[in-house]
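Visitor: Sharing a structure with you now.
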Amino acid sequence: ALTFQSANPQTTIINGEGYYDGITITHDNVSLQGFNITSSHFAVYILNASTIAITGNILMGNFHGITLRNAHTVILTHNSVYENQYGIRLYDSTTVTITHNILHNYKLDAYFLGSTPDSCYNTWTRNYWGKPSLIHLIQGKLIPPGQAGSPRWNLDWHPLREPELI
């Protein structure tokens with residue numbers, strides 16, 4: 001197991017200079033806590049990994065905030081994901097818990113794409129949405145092998161009405 005933990009997300013800054021990725025995780029059992037990641041292509045990119053915790057980070061001004069691709073058993077909690085083109089994106093990822101995050105992004109706050117029914121059902125709860133509604137929908141698609149994609153929807157069952165302090 002490996003833990004990356006900063007002393008203060010206000011002062012521990014990873015700057016991708018508008019092109020590079022902030023943090024890429026390709027190994028199991030990793031925790032990332034308390035960083036400020038800005039001006040990156042992917043602020044946090046998780047690829048083919050499981051048992052990951054992304055907690056208490058500020059992800060602002062990136063192209064992608066958090067992207068998971070074939071990731072499993074992931075916790076995304078208490079992150080500020082805002083002013084990115086895309087907030088949180090899940091591709092073929094299962095058993096992902098997304099809770100107590102601030103999501104306020106330019107194009108999409110949250111999106112998922114899956115090739116198995118399991119990739120459509122992750123746990124979204126108590127996130128704050130920049131455009132809040134009573135039940136916030138997370139747009140996505142399920143694409144079974146050999147078939148055209150059919151739209152699916154996740155939703156945040158208990159969206160927060162005001163952002164939490166991170």
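Visitor: Relative contact order for the chain: what is it in percent, counting Cα pairs under 8 Å that are at least 6 residues apart?
Guide: Answer for the chain is 14 percent.
Visitor: With the other protein chains left in place, how much accessible area per residue, in square angstrom, belongs to the chain at a 1.4 angstrom probe? Walk me through the numbers before you get to the answer.
Guide: Details: 8340 Å² over 166 residues.
For the chain, the per-residue accessible area is 50 Å².
Visitor: Of Glu164, Glu83, Glu17, which has the most accessible area with a 1.4 Å probe, and how do the rest follow in descending order?
Guide: Glu17, Glu83, Glu164
Visitor: Under 5 Å between amide hydrogens, which residues at least 5 positions from Lys141 or on another chain qualify, with H placed 1.01 Å from N in the peptide plane?
Guide: Sorted by chain and number, the residues that satisfy this are Phe112, Leu113, Gly114, Arg152.
Visitor: Okay, moving on. If you work out Rg and Dmax of the Cα atoms in Å from the coordinates, which of (1) 18.3, 57; (2) 14.8, 48; (3) 25.2, 69 do you get?
Guide: Recomputing Rg and Dmax of the Cα atoms in Å here gives the entry labelled (2).
Visitor: Hey, another quick one. Quick one: with all protein chains in place, what share of the accessible area of the chain is carbon or sulfur, to the nearest percent (1.4 Å probe)?
Guide: Percent of accessible area from carbon and sulfur atoms in the chain: 55.
Visitor: Check Asn105: other-chain or 5+ apart residues with amide H under 5 Å from its amide H, H built from backbone geometry?
Guide: When sequence neighbours closer than 5 places are left aside, the close amide H contacts are Glu83, Gly130.
Visitor: Continuing with this model, one more query. Please give the contour-minus-distance gain from Asp28 to Arg126: 0.36 nm per residue of separation, less the Cα-Cα distance, rounded to one decimal in nm.
Guide: Value of the extension gain: 32.7 nm.
Visitor: Additional query: Name the longest site-free stretch of the chain, where the excluded sites are chymotrypsin sites (Phe, Trp or Tyr not before Pro) in a DSSP loop with no more than 11 other beta-carbon atoms within 10 Å.
Guide: 20-156
Visitor: Just tell me the longest site-free run in the chain, where the sites are trypsin sites (Lys or Arg not before Pro) in a DSSP loop having at most 12 other beta-carbon atoms within 10 Å. Walk me through the intermediate numbers first.
Guide: Numbers: sites that count: Lys107, Arg161.
No qualifying site falls inside 1-106, the longest such stretch.
Visitor: Hey, got the dipole for the chain? About the Cα centre, +1 on K and R Cβ, -1 on D and E Cβ, debye to the nearest 20?
Guide: About 320 debye.
The values are calculated or read from the model by the stated rules, or taken from the named source; none is laboratory data. Fair warning: this is a prediction, and the values are worked out from it, not measured in the lab. No Cβ is skipped: glycine too gets one built from the backbone with ideal geometry, and neighbour counts run over all protein chains shown. Heads up: the accessible areas ignore ligands, DNA and RNA and are worked out on the full protein's heavy atoms, side chains in. Shrake-Rupley method; radii C 1.70, N 1.55, O 1.52, S 1.80 Å.
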